[in-house]
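Some notes on the structure that comes next.
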Amino acid sequence: MTRIVVIALASLLAAAPTTAQTSLEVQVGAVGSGALAEDSIVNPITVGPAPGLGVTLGVMTEFDGPFHAGARVGWAHSNVRSRELDTKATVLPLTVWTGVLALGIRITGMVRAEARFGAVKYAPGGETNGTIFQDAAPLTATAGLGARVDRRVNANWTLGLHAAIDLHQFDTPTLRTAGFAGARTVHRISVGATVRWGKAPDQGDEE
Amino acid sequence: MRNSVLSICCVALVVGACEEPAAPVRPEPYEFRLFKSDTVFHWPSADMPVQFYAEPVGRLPADVDHAMLQWQRQFLYGEFSATRVDDSLDADVLVYIDGSAPPDAPPTDDPPRPVCSGVTEFPPQETDAQGRTRFVDRLRIRLSWFLAGEPSDITNCLSRVTMHEIGHALGLLGHSSNPADLMHAQPTVTTPSLRDQATIQTLYHLPTDILPFEPNPGTANAANRSP
């Protein structure tokens, strides 16, 4: 999957029209996720990733006019935790990789909204036997919406804030074998700061 | 135009978020409590991974490894883990073969034959300083094999019975009345069934009445365990 994202990034850079400006960006922030499974054995049990750190690298191309496009590779890490009544337990560490393409539009001078689509890959760490990941960890499609507020600080550097919500279908062979019927829709919310390097076209977003 | 696109995307997200698969319907568990006293025993999460020692005889270490893995795979949420240790003093559960080493024959798919037996010995209990009931010693599993059996039948039987006895050591203190279950009194299957799975999952989501043996009271036994 990493290869696909790299190719997508390179393609976006190469295909950027001469009237557009492409910049590189780093996003750092927090990532939260909905439950991966809800079960009831003796009591109701909820299992899902705890909030964790997320880092995203990407490129963003601003076209003439209000539109922009981006390609990003994201990494997020936290622990999968189970909660049963008042008892919380750590199940195993989890890394989640994402590769998304974004198409966006300027809402106001500094505010942009974007639609995102791509793939999410779960990469559990440690002992996976005895967990929902014991047979395989899913690679699945994801889609979502994001918003960002950018403020150019000089000709080449832009700082900003971003927030996004993505949805994907979560399912593992272990859950199927255990009797879960169908995939579960899981949302991931990411918020954080963005640093972008690259000369942007004059879109009037400077004060 | 911009607002329309955003609205459509928001509606799609909300609709997509509504899908929730129902929790699975599991088979009814069989009896796993201790007969008469009706007490429950399982390994607490602080004691994970449970440490097994297998006498280095024949295929016993491999059988114990296989059994630990098979039982661990019956869980979904990390409730149980196990590891095998080389020093019996480090172990929570000791597994031995009585008598001489069994014949060295590879496992086969032949029909199961009762050419071996096993027993899990639970030590007496005491009340510790905190008023908790605790085993006074390690659990022991003793396996034996019969001279009348064919070598491959003995190999198959020891593998099967090792897994059955380790089920007892995990806290399944009763037997299933269904021969399709590994925890039937005379096991004929080679892996835990869905009912075995449902029973052990239920067990590990109940509070335990009995704590395992603590080799060195007052020390953090769990601190010696790898995460």
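The values are calculated or read from the model by the stated rules, or taken from the named source; none is laboratory data. Quantities reported herein were computed from a predicted structural model and do not represent experimental measurements. All Cβ positions, glycine included, derive from the backbone under ideal geometry; neighbour counts span all protein chains shown.
Please count how many residues of the range A:135-164 are surrounded by 20 or more Cβ atoms within 10 Å (Cβ to Cβ) and either within 9 Å of another protein chain (Cβ to nearest Cβ) or touching a helix residue (DSSP H, G or I) at 6+ places or on another chain (Cβ under 6 Å) (or both).
The number of residues fulfilling the criteria is 2.
Within the range A:107-130, restricting attention to residues that are surrounded by fewer than 16 Cβ atoms within 10 Å (Cβ to Cβ) and over 23 Å from the mean Cα position of the chain (by Cα), which residue is farthest from A:ARG188 (Cα to Cα)?
Out of the qualifying residues, it is A:GLY109.
Of the conditions (1) without any contact (Cβ under 8 Å) to a residue 12 or more places away in the chain; (2) in contact with a strand residue (DSSP E or B) (Cβ under 7 Å, 6 or more places away or on another chain), A:ARG116 satisfies every one except a single condition; which number is it?
Here A:ARG116 meets the rest and fails (1).
(1) part of a loop (DSSP other than H, G, I, E, B); (2) surrounded by 18 or more Cβ atoms within 10 Å (Cβ to Cβ): which one isn't true of B:ALA148, the others all being true?
(2)
Just one of B:LEU69, B:LEU89 is closer than 25 Å to B:LEU143 by Cα, surrounded by fewer than 15 Cβ atoms within 10 Å (Cβ to Cβ), at pLDDT 90 or above and facing chain A (nearest Cβ under 10 Å); which is it?
Answer to the check: B:LEU69.
Looking only at the range A:172-207, which residues are at pLDDT 85 or above, surrounded by 15 or more Cβ atoms within 10 Å (Cβ to Cβ) and not in a strand (DSSP E or B)?
Within the range A:172-207, A:THR172, A:THR174, A:LEU175, A:ARG176, A:THR177, A:ALA178, A:GLY179, A:PHE180, A:ALA183, A:GLY198 qualify.
Restricting to the range B:22-39, and then to whatever is surrounded by fewer than 18 Cβ atoms within 10 Å (Cβ to Cβ), touching a residue at least 60 places away in the same chain (Cβ under 8 Å) and touching a strand residue (DSSP E or B) at 6+ places or on another chain (Cβ under 9 Å), can you tell me which residue is farthest from B:LEU173 (Cα to Cα)?
Residue satisfying both the conditions and the ranking: B:THR39.
Pick from B:ALA62, B:ALA54: which is within 17 Å of B:LEU143 (Cα to Cα) and buried (at least 24 other Cβ atoms within 10 Å of the Cβ)?
After applying the criteria, what remains is B:ALA54.
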